[in-house]
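Structure, as structure tokens:
Derivation of every value follows stated rules applied to the coordinates shown; laboratory data play no part. Remember, it's a predicted structure, so these values are computed and weren't measured experimentally. A quick note on method: Cβ atoms are made from the backbone with ideal geometry, for glycine too, and the neighbour counts reach across all protein chains shown.
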Amino acid sequence: MNRISVQHHHADWTAERASDLYGVEYWSAGHFQVSAAGLVQVRAGFGGEPATVNLLDIVRGLHERGLPMPVLLRIENLLDAQIAQLNQSFARAIAQSGYRGSYRGVFPIKVNQQSQIIDEVASFGARFGHGLEAGSKAELLIALASLDVDQGYIVCNGYKDEEFINLGLMAQKLGYRIFFVVETPAELPLLIQCAQQAGVRPRLGARVKLSSQVSGHWNATSGDRSIFGLTSMQLIDLVDELKAHDMLDCMEMLHVHLGSQIPNIRDIRTGVMEACRYYVDLVREGAPLGNLDLGGGLAVDYEGSRSSHVHSMNYSLEEYCLDIVEVVMSVLDPHQIPHPTIVTESGRALVAYGSVLIFNILDVTRFEAHRLPEHIADTEHENVRNLWEVMASVTFERAQECYNDAMFYRDEIRDLFRRGQISLRSRSLAENIHLEILQRIKTVIIGSEDEYPDLAGLEEGLADIYYGNFSVFQSLPDIWAIDQVFPIMPIHRLDEVPSRQAILADITCDCDGKIDRFAWDGELHNTLPVHPLVDGDEYYLGVFLVGAYQETLGDLHNLLGDTHVVSVRINADGTFDYAKEVEGDSVADVLSYVEYHPQTLLQKFRDSAERGVRSGRISAAERQQLVELYATGLRGYTYFER
Ligand SMILES: *Cc1c(COP(=O)(O)O)cnc(C)c1O
């Protein structure tokens, strides 16, 4: 691994170097930058020069408003910008290629169901006719209430029961452009029956299972083993069944979903090509179609490596749109089939950028010796004295040897301690000396780690632990569940050298509640460069691109609840407004989620305190104080409050 030894560049450190180190240019899609003063800024475009706002200023304003960390910041402008870019990129690709169809996006509600997000998608998307994709009854209810009748498509995926279908059919009567995508053969009879009863010709789609295999984390079950979609045999049955009911003209959409976060553009091309082959033959079978829904998959470069790694992508949005348009034309044109409306269900790429989790660091553990004595007593155990000698002899040439000796004596001493032959005080001294030896070795080999392959893990093993005021399980579940990588960096002090290497621990006290995979300097690392804490000053880290999938997948591990969510709108003059504040869960809230009744708890505790007064253990005044503390605790934020 080609580590940057940041310690070596104190003199010429600049905020620009920090920007390179954390790869801001590569993952931010132009939405974030580092100022010369070392602050992370969000950029919002208004035609001319973009307006920029320091994240730190937003955080300070929140403190003044009594909203402490952690906070999930939503920047409305970025969602707006992403919707515009997706629609405009398709429009450009269509114009450029002479494509004779149009583009219609639908946002899959499951990617972020929060009402504020859906409201924003609906209002920012209105000018492009952007619609919504619903995968369940609840999501259809959201879609119907969020879109105007003639605004955009509503694509219904997932298993649909009678209630779901009837609601959709009635909504179609009202004028909504609803597509029922048939996912399994079992759905069809019910659909036909409900449609006949309602006297509506439904718009049907057929979801086909592609055999193209797609790489990436989510896509192991793509291809034949995909759990959704019709096989070619089932598709032919569907066509015949519709023909038999004189309903083949209802089949207005072909739907495929290649998977999510597809890092390699080749997989997208291959999948679209296969989808188009189905399209051609379904048209030949007599289905009108007219809409080709290519599902999700448009990736986000979380890692900033512009590669086909799972958390990255090797293509741009422009390329994605152009490739799709070109492939569709290349397959359909030889058959003189009219160009369909291209639909995509891009979710991640629209909402990821707009949300940033910001938290403060509460404490640091360093793996360094402290209070080493000047001399070692002759009465110390021989092994401890040997360790002391090793410490004095650390040089570049002897690094490996010293390391081996240090490990040997330390293990011997631990053994002796277990057998009761050495005191706790001696063991503590030995551990201290051992840490000092490792630190000295790390220092002497810096920059030449390649010469000592066996010591490669040393820096990581000695990394600090920074304790952050957040919960991985609540706010970043994909880090825990699927080893997702998000860009993480300090949001200030970037004009100072980040001279420490750290892993991050959250406040759940769970050994899984940590982050130890970071993308920076173009690669994945197990530690993150951070700044030493300054006494009395808060230190803030931001986790970026967290707008997709994180919020509703989060859970109440250790009863840490929802964080505060604050929506910010940036104005063209560089000012900003706090558009909306949603207070995070209080302790009483999370307790009620697990079926406690805060009032009952308080009453029980009050009774217990009352018994304490009666038995003379506390005074009546103390009882009052205790009950007050308990009640305040119930009202409080579930996170660490200063
Ligand atoms: C999850 C999902 C999407 C969203 O995919 P992204 O990769 O987030 O754009 C789209 N369509 C269907 C059917 C899905 O299940």
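Report, in deg cm²/dmol and to the nearest 500, the calculated mean residue ellipticity at 222 nm for the chain, where each DSSP H run with n ≥ 4 adds -39500 (n - 2.57) and the sum is divided by the residue count. Please list the in-between numbers first.
Details: 22 runs with 253 residues, N = 642.
Mean residue ellipticity at 222 nm (helix-derived): -12000 deg cm²/dmol.
Checking the table 173/243; 110/580; 110/243; 137/209 against a 31 Å threshold on Cα-Cα, which pairs fail?
Beyond 31 Å between Cα atoms: 110/243.
For the chain, with only Lys/Arg (+1) and Asp/Glu (-1) charged at the beta-carbon, what is the dipole magnitude about the Cα centre, in debye rounded to 20? Don't skip to the end; give the middle numbers.
On the way: 53 positive and 90 negative charges, 263 e Å.
Result for the chain is approximately 1260 debye, rounded to the nearest 20.
Quote the FRET efficiency, to the nearest 0.05, computed for residue 481 versus residue 378 with a Förster distance R0 of 60 Å and r equal to the Cβ-Cβ distance.
Once rounded, the FRET efficiency stands at 0.60.
Length gain on complete extension for the stretch residue 526 to residue 443, per 0.36 nm per residue less the alpha carbon to alpha carbon distance? The partial results should precede the final answer.
On the way: separation 83, 0.36 × 83 = 29.88 nm, distance 1.88 nm.
Stretched out fully, the residue 526 to residue 443 stretch lengthens by 28.0 nm.
Hey, what angle do you get for helix 399-418 against the long axis of the chain, alpha-carbon based, 0 to 90 degrees rounded to 10?
80
What's the FRET efficiency of residue 414 with residue 620 using the Cβ-Cβ distance as r and R₀ = 51 Å, to the nearest 0.05?
Values: r = 53 Å, r/R0 = 1.04.
Rounded to the nearest 0.05, the efficiency is 0.45.
Explain nothing, just the number: relative contact order of the chain, from Cα pairs under 8 Å at least 6 residues apart, as a whole percent.
Details: 1213 pairs, mean separation 106.5, N = 642.
Here the relative contact order equals 17 percent.
Could you estimate the translational diffusion coefficient of region 208-331 from the Stokes-Einstein equation, with Rh from the Kirkwood formula over C-alpha pairs, at 20 °C and 1.002 mPa s, in whole µm²/s?
Details: Rh = 15.2 Å.
My calculation gives 141 µm²/s for D.
Scale the Cα Rg of region 99-351 by the rule-of-thumb value 2.2 N^0.38 Å and send over the ratio, two decimals. Could you put the intermediate results ahead of the total?
On the way: Rg = 17.3 Å, N = 253, 2.2 N^0.38 = 18.0 Å.
Compared with the compact-globule rule of thumb, region 99-351 sits at 0.96.
Residue separation times 0.36 nm, minus the C-alpha to C-alpha distance between residue 193 and residue 243: what's the value? Can you show the working numbers first?
Details: separation 50, 0.36 × 50 = 18.00 nm, distance 1.48 nm.
Extra length from residue 193 to residue 243 when fully extended: 16.5 nm.
Which of 127, 410 comes first, and how do the rest follow, when ranked by fewest Cβ neighbours within 10 Å?
Details: 127 10, 410 22.
So the ranking, lowest neighbour count to highest, is 127, 410.
Largest first and in whole Å, what are the equivalent-ellipsoid semi-axes of region 148-264 based on the Cα gyration tensor, each being the root of 5 times an eigenvalue? Could you put the intermediate results ahead of the total?
Working: eigenvalues 143, 61, 24 Å².
Listed largest to smallest, the semi-axes of region 148-264 are 27, 17, 11 Å.
Would you mind calculating the gained length between residue 145 and residue 398 on full extension (0.36 nm times residue separation, minus the Cα-Cα distance), in nm to one decimal?
On the way: separation 253, 0.36 × 253 = 91.08 nm, distance 7.15 nm.
So the chain would gain 83.9 nm between residue 145 and residue 398.
Bin width 5 Å, origin at 0, all Cα-Cα pairs of region 15-115: what percent of pairs per bin?
So the P(r) values, bin by bin, are 2, 9, 15, 17, 18, 16, 11, 7, 3, 2, 1.
Could you check the simple spin-label distance between residue 407 and residue 46, using points 7 Å along Cα→Cβ, in nm with one decimal?
The two pseudo-label positions are separated by 6.0 nm.
Reachable lysines from residue 604, Cα under 23 Å, same-chain residues fewer than 8 places away excluded?
By straight Cα distance, residue 604 reaches no lysines at all.
List the GluC sites (Glu not before Pro) within region 312-407 that fall in a DSSP loop (any state other than H, G, I, E or B) and whose Cβ has at most 10 other Cβ atoms within 10 Å.
Details: sites: 318, 319, 326, 345, 368, 374, 380, 382, 389, 397, 401; in loops: 345, 368, 374, 380, 397.
When the GluC sites (Glu not before Pro) of region 312-407 are filtered for loop state and at most 10 Cβ neighbours within 10 Å, 374, 397 remain.
So what are the three principal axis dimensions of region 589-635 from its Cα atoms, in whole Å, longest to shortest?
On the principal axes, region 589-635 reaches 36, 16, 11 Å in Cα extent.
Starting from the Cα of residue 64, step 7 Å along the direction of its Cβ; do the same at residue 425; then give the gap between the two resulting points in nm.
For the pair residue 64/residue 425, the computed spacing is 5.5 nm.
State, in angstrom, two size descriptors of the chain derived from its alpha carbons: Rg to one decimal place and Dmax to the nearest whole number.
29.8, 100
Please report the base-10 log of the normalised intensity I(q)/I(0) for region 93-158, using a Debye sum with one equal scatterer per alpha carbon and no solvent, at each q in 0.19, 0.24, 0.26, 0.28 (1/Å).
The Debye formula, applied to the Cα set alone, gives -0.67, -0.94, -1.06, -1.20.
Which of 53, 155, 325 comes first, and how do the rest follow, when ranked by fewest Cβ neighbours within 10 Å?
Values: 53 20, 155 28, 325 24.
Ordered from fewest to most neighbouring Cβ atoms within 10 Å, 53, 155, 325 come out as 53, 325, 155.
Quick one: Cα centre-to-centre distance for region 112-167 and region 545-591, in angstrom?
22
If I model a spin label at residue 571 and residue 335 as a point 7 Å from the Cα along the Cα→Cβ vector, what separation in nanometres do I get?
5.5
For the residues 200, 594, 106, what sequence is obtained by ranking on other C-beta atoms within 10 Å, fewest first? Provide the component values of the computation, followed by the final result.
Details: 200 18, 594 8, 106 28.
Fewest to most other Cβ atoms nearby, the residues stand as 594, 200, 106.
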